[in-house]
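*Asks:* The following block contains the structure, expressed as structure tokens.
The values are calculated or read from the model by the stated rules, or taken from the named source; none is laboratory data. Just so it is clear, the model here is predicted, and its values are computed rather than measured. Every residue, glycine as well, gets a Cβ built from its backbone with ideal geometry; the counts of neighbours run over all protein chains shown.
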Amino acid sequence: MSALLSTLSIAELALYSLGGALGLWACYFLTGYFGAHAGLRKFPGPPAAAWTQLWLAKQSRNGIRSPAVHEQHMKHGKFVRIGPNESESPAPVSPVAKCDGRDSKADVLGLG
């Protein structure tokens, strides 16, 4: 291992380190997109919102979060994805009243 390090220049080590950091960064976003919140992929929204919170953060910082989300509702419909793990509907959704297994949340939301 030390023989390998002694043959590499500082520029090569920096390049390999940068490549490793970019690889870890890509894995972080890919696992978030294809992993835990994969069910949200079926909801439309801004393409950047599927990968990162930056779209929503930009709208909030500019003070136009509500108009921007409303515009997405006009463009895509009732349910809109506004973040990698966040969706929004314009009106409150009625809660699932029965807990006996006959009604699922997807049926109540009209997604079933």
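*Asks:* Cβ-Cβ under 9 Å, sequence separation 6+ or interchain: first residue in region 77-101 and farther than 16 Å from A50 by Cα, partner of a type in the set (V, I, T) and modelled with pLDDT under 60. Which pairs?
*Replies:* Matching pairs, first to second residue: V93/V108; S94/V108; P95/V108; V96/V108; A97/V108.
Yes/no matrix, rows are residues, columns are (1) of a type in the set (F, W, Y); (2) at pLDDT below 80; (3) part of a helix (DSSP H, G or I); (4) exposed (fewer than 11 other Cβ atoms within 10 Å of the Cβ):
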position	(1), (2), (3), (4)
Y28	yes, yes, yes, yes
A49	no, no, yes, no
Q59	no, no, yes, no
I82	no, no, no, no
A91	no, yes, no, yes
P95	no, yes, no, yes
